[in-house]
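Derivation of every value follows stated rules applied to the coordinates shown; laboratory data play no part. Note that this is a predicted model, so its numbers are computed, not measured. Don't worry about glycine lacking a Cβ; one is built from the backbone with ideal geometry, like all the others, and counts go over all protein chains shown.
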Amino acid sequence: MTRIFLSFVLLAFGWPVAANPYVTMENAWVREAPPSARMLAAYMTLKNTGMRECVLVAVDSPDFRHVMLHKSEIVDGMARMIHVDELPIPAQGKLELAPGGYHLMMPAPETPLSEGDRVEFVLTFCDESTLRVQAEVRKKP
Amino acid sequence: MRTTIPGRVIHAIRRIIPLLCAAALLGACAPPEPPQLNRATLLPSAKPLLDFTLVDHNGDSFTLESLRGHWTLAFFGYTHCPDVCPTALSMLVQVRRKLEAGIPSDELPEVVFFSVDPERDTPAQLATFLPYFHPGFLGVTGDAGQITILTRQIGILHAKAEGAGDSDYLVDHSAAIILFDPEGKFHAVFGVPHDPDLLVPDFLAIRQYYEASR
């Protein structure tokens, strides 16, 4: 936790924190929600081209108060969301954050987001490397 | 040379024809076969419900009577849900659009979102949530006890998630879509995962079977 906090402090002061050279992002999007929605969800595909597993341990954003990692699951017909501390991306593999599964969950900003808006996420991995992600607000995938 | 039909043949025909007519008549009156369904489960017989008193997002009373006169597709969720509930409502928008292409507008099912989080889902909150998905979708909320009167009759479960202490608590809830028939009875369940290309033909088949059985 101290290492992650230190990374955010360094980022805040513009201190260069190593970008993760192995993880790439595709198709990052935030689902547009009704103006009264209190929580939003973001989705993306993360690919790991490295030979070792990469573990996503935190997500931050200048556009949201905080960002949490969650997993939706439906077990015996019951839908529930589970807070997740970390998400491993297998070596030479990918991790899908998609509706009904893993996703980022954020409190909605005061000014509602609309289709076409862009927001930024900073993903931090267990080796303290980061990945900046631009996501588009959309009504559907 | 005239050909005469033997008397015994005529006698046999006279006995068989009434039997054939009776068989045809019975066949025409036989009950329709239950439909083959993709994802829906049809109740063996539609279940009458005990009444309840809730309120819709326009502030009008919503009771068992509100379910009568039309089919209703019902989903049970909450507006703080960022993933499953918006996904289900978006799916129901697709269902609505596909049905609009096939059946008269006055025969379209109502889509009703029942909140399982009445503490935060006030009528005003629902009024700015449901119309975003479709102007015809209706949000319903009310007293928690009244919501449970309805949900326990149709097998819908809901509860605050463990560790729920702050204002951003999560709610676990059944993800099935419930079908109420025009008599306001619990008629069928659409299980997960929800797919409009499977739900729409299921609904049409159930509706046709219902009409043919009356």
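Brief remarks on what is shown
- Taking only the C-alpha atoms of the stretch B:1-122, Rg followed by Dmax gives 27.1, 97 Å.
- 10 Å binning of all Cα-Cα separations within the stretch B:81-151, expressed as whole percents from 0 upward: 18, 46, 28, 7
- Whole-percent pair-distance distribution, where bins are 10 Å wide, for the alpha carbons of the stretch B:95-214: 11, 37, 36, 13, 2, 0
- Shown is the FRET efficiency for residue A:94 and residue B:60, computed with R0 = 56 Å from the Cβ-Cβ distance and rounded to the nearest 0.05: 0.70.
- Shielding by other protein chains, A:87-99, mean Cβ within 10 Å: 1
- Between B:138, B:49, B:67, the Gaussian network model of chain B with springs among Cα atoms under 10 angstrom shows the greatest mean-square fluctuation at B:49.
- Where N is the number of residues in chain A, Cα Rg divided by 2.2 N^0.38 Å: 1.04
- Per-residue shielding of B:114-126, expressed as the average number of other chain Cβ atoms within 10 Å of the residue Cβ, stands at 1.
- Its residues counted as N, the protein assembly as shown yields a C-alpha radius of gyration over 2.2 N^0.38 Å of 1.35.
- Gap separating the Cα centres of the stretch A:52-115 and the stretch B:167-188, nearest whole Å: 26 Å
- Computed from the alpha carbon atoms alone, the convex hull of chain B holds 166 Å³ per residue.
- Look at the alpha carbon pairs under 8 Å that are at least 6 residues apart: their mean separation over the length of chain A gives a relative contact order of 32 percent.
- Averaged over residues, the count of other Cβ atoms within 10 Å places the peptides B:55-63, B:109-117, B:75-83 in the sequence B:75-83, B:109-117, B:55-63, highest first.
- Viscosity 1.306 mPa s, 10 °C: Kirkwood-radius Stokes-Einstein D of the stretch B:41-86 over Cα pairs, µm²/s: 120 µm²/s
- Peptide-level mean, for B:74-83, of C-beta atoms on other protein chains within 10 Å: 6
- The count of lysine pairs in the protein assembly as shown whose Cα atoms are under 27 Å apart, excluding pairs fewer than 8 places apart on the same chain, comes to 14.
- Taking every C-alpha pair closer than 8 Å and separated by at least 6 residues, the mean separation divided by the residue count of chain B gives a relative contact order of 32 percent.
- Only Lys, Arg, Asp and Glu carry charge here, each on its Cβ (+1 for the first two, -1 for the last two); on that basis chain A has a dipole of about 140 debye about its Cα centre.
- Sequence-distant contacts, meaning Cα pairs under 8 Å at least 6 residues apart, place the relative contact order of the stretch B:24-103 at 12 percent.
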